[in-house]
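Just below is one structure, and these are the notes that go with it.
The values are calculated or read from the model by the stated rules, or taken from the named source; none is laboratory data. Here the structure is a predicted model, which is why all the values come from computation and not from measurement. Reconstructed Cβ throughout: ideal geometry from the backbone, glycine too, with neighbour counts over all protein chains shown.
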Amino acid sequence: MMNDPRANLNWDKGQGLIPAIIQDAESLRVLMLGYMNAEALTQTIESGQVTFFSRTRKRLWTKGETSGHRLKVIDIQVDCDQDTLLITAKPAGPVCHTGDKDCFQGQAPSATTHFITHLESVIDTRLGETPPTSYTATLGAQGMARMAQKVGEEGLEVALAAVTPNDAAVVSESADLVFHLLVLLRARGLRFAQVVDALAVRHQARLTDPAKPN
């Protein structure tokens, strides 16, 4: 059951309006920002669908009322000043009117991106160990050929797991593959973000030229 913060909110600061930050309940990505008055918040809580107050149209509007891309409320939290809401929700489609998944496309890194960046920092620390005292440091000390060999071995493990009905094995072996790939990339002075950028360039090229091979 979602929290009901109505009793403690400070409506005076915003002259009857409170900003509501909408966050994806699964990816934790910030999706959009809207404003609510007391009536919009009540409708949000009672319907389970995010409803805002439009400052231009001066009326309530439920997100997705025309597109069908509604936001199902999972939880509602209030900040320490009692004047801002954080609403976690499950989107039923693109959130932004432009068709993007969120209104901050390319600006708000996901929890996955944060973790990959953190893991790269840990790998950098391990690769700098002298003498090597961890698995990562030992692997790095063995040289690029050994790191490349491990990526090949882990790739084969993923392929072998993929032809079994064991999903957990596929996930586990994929995690091993990604880790060893990250080690190899950092040893080369490269970042995983560069791989993502390369994929994005290919994807964009495919969108602009459908005849181009993937």
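Out of curiosity, is Thr117 among the hydroxyl-bearing types (Ser, Thr, Tyr) and more than 16 Å from Leu182 (Cβ to Cβ)?
So Thr117 fails the test.
Looking at (1) in contact with a Phe, Trp or Tyr (Cβ under 7 Å, 6 or more places away or on another chain); (2) surrounded by fewer than 13 Cβ atoms within 10 Å (Cβ to Cβ), can you tell me which one Leu60 breaks?
All conditions pass for Leu60, except number (2).
When region 46-104 is examined, which residues are found to be assigned to a loop (DSSP other than H, G, I, E, B) and polar (S, T, N, Q)?
Thr56, Thr66, Ser67, Gln82, Thr84, Thr98
What are the residues in region 19-47 that are without any contact (Cβ under 8 Å) to a residue 40 or more places away in the chain, loosely packed, with under 14 Cβ neighbours inside 10 Å and touching a strand residue (DSSP E or B) at 6+ places or on another chain (Cβ under 8 Å), if any?
Result: Glu39, Ser47.
Taking region 1-18 as the search range and keeping residues that are of a type in the set (D, E, K, R) and in a loop (DSSP other than H, G, I, E, B), which one is surrounded by the fewest Cβ atoms within 10 Å (Cβ to Cβ)?
Restricting attention to region 1-18, the residues satisfying the condition of being of a type in the set (D, E, K, R) are 4, 6, 12-13.
Next, only the ones that are in a loop (DSSP other than H, G, I, E, B) stay: 4, 12-13.
Numbers: Asp4: 11, Asp12: 8, Lys13: 13.
Out of the qualifying residues, it is Asp12.
Take Val163 and tell me if it is surrounded by 13 or more Cβ atoms within 10 Å (Cβ to Cβ), over 25 Å from Thr125 (Cα atoms), of a type outside the set (Asp, Glu) and without any contact (Cβ under 8 Å) to a residue 40 or more places away in the chain.
no
Check whether at least one residue in region 182-194 is closer than 25 Å to Arg29 by Cβ and either aromatic (Phe, Trp, Tyr) or in the same structural domain as Arg29 (by TED's automatic domain parsing) (or both), and report yes or no.
Yes, there is a match, as at least one residue in region 182-194 is closer than 25 Å to Arg29 by Cβ and either aromatic (Phe, Trp, Tyr) or in the same structural domain as Arg29 (by TED's automatic domain parsing) (or both).
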